[in-house]
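The values are calculated or read from the model by the stated rules, or taken from the named source; none is laboratory data. Please read these numbers as outputs of a predicted model, since none were measured by experiment. Every residue, glycine among them, receives a Cβ derived from its backbone with ideal geometry; neighbour counts consider all protein chains shown. Each accessible area value is taken on the protein alone, full model and side chains, heavy atoms only, with ligands, DNA and RNA left out. Shrake-Rupley method; radii C 1.70, N 1.55, O 1.52, S 1.80 Å.
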Amino acid sequence: MGKRRLFVGFVLLLIVVLLVALVLYIRPAKSLDLRYSSIDWKEKLLVMAETRQPALNLSESELNQLAKKELNQYVAEQELPVNVTGAEFRLNGNRLTADLNVAWGAIEASVEAGYLMEYSSGKLLLVPETLSIRRFSFPPANFGLEPISIDLGQYLPEVVKVKEVNFQEKALRISFKLDWIEVARYLDLL
């Protein structure tokens, strides 16, 4: 009877040690937040007007700010099983990687989600490809990740319409259809 109790106690202790090790392993290695700053579209339009080029580059940093803003709105509107405590978005051509810090009660984890980006008819489509917690990979669909469609026009002034998006290494090159006179009025140049 004593050996049996000792064995059960050892197994329980082993399970507790493994669970603690797992919780410590998935814990975020990098501190992330959800703060973002707004993009000065007037300044970007002014540069476009000066160069007379109906296109602009949206850098990885600017895309990170837009994505954090969108994530904040999404988290506020949805009831999620985890609390998103921080995020950072990285761009590599037409691939977007989202590093997220999440918490589920007292358990914190670092999650990485990879998306393939496509542009069509004024919409940027993000298709989930990968999901991992540290080195453990999971099918994105198992965690409810679905394609995300983003209307780029909602972030731009009304005088600017997106014509085309080209994916570069660390930036998006966005070409526009626009009426220069309307842009000049918007910028108070007329």
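Data for the structure
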quantity	calculated
Odd one out for Glu169 among (1) open to solvent by 70 Å² or more (accessible area, probe 1.4 Å); (2) part of a strand (DSSP E or B); (3) not β-branched (Val, Ile, Thr)	(2)
Selection from the range 149-165 of residues that are open to solvent by less than 70 Å² (accessible area, probe 1.4 Å) and either farther than 16 Å from Lys44 by Cα or touching a Phe, Trp or Tyr at 6+ places or on another chain (Cβ under 7 Å) (or both)	Ile150, Asp151, Leu156, Pro157, Val159, Val160, Val162, Val165
Number of the condition not met by Ser121 [criteria: (1) closer than 30 Å to Asp179 by Cβ; (2) at pLDDT 90 or above; (3) surrounded by fewer than 15 Cβ atoms within 10 Å (Cβ to Cβ)]	(2)
Residue under evaluation Val162, criteria (1) outside any helix (DSSP H, G or I); (2) out of contact with any helix residue (DSSP H, G or I) (no Cβ under 8 Å at 6 or more places or on another chain); (3) of a type in the set (A, V, I, L, M, F, W, C), criterion not met	(2)
Pair list, Cβ under 6 Å, 6 or more apart: the range 64-93 residue within 18 Å of Leu32 (Cβ to Cβ) and free of Cβ contacts under 8 Å to residues at least 60 places away in the same chain, other residue surrounded by 16 or more Cβ atoms within 10 Å (Cβ to Cβ) and hydroxyl-bearing (Ser, Thr, Tyr)	Gln65/Tyr36; Lys68/Tyr36; Lys69/Tyr36
Flag if Gly86 is under 20 Å from Leu116 (Cα atoms) and touching a strand residue (DSSP E or B) at 6+ places or on another chain (Cβ under 8 Å)	no
Selection count where residues are closer than 14 Å to Gln53 by Cβ and either among the aliphatic types (A, V, I, L, M) or part of a loop (DSSP other than H, G, I, E, B) (or both), scope the range 172-190	3
Odd one out for Asn64 among (1) over 30 Å from Ala113 (Cβ atoms); (2) open to solvent by less than 40 Å² (accessible area, probe 1.4 Å); (3) modelled with pLDDT of 90 or more	(1)
Counted residues, the range 67-107 - those being open to solvent by 40 Å² or more (accessible area, probe 1.4 Å), of a type in the set (A, V, I, L, M, F, W, C) and part of a strand (DSSP E or B)	2
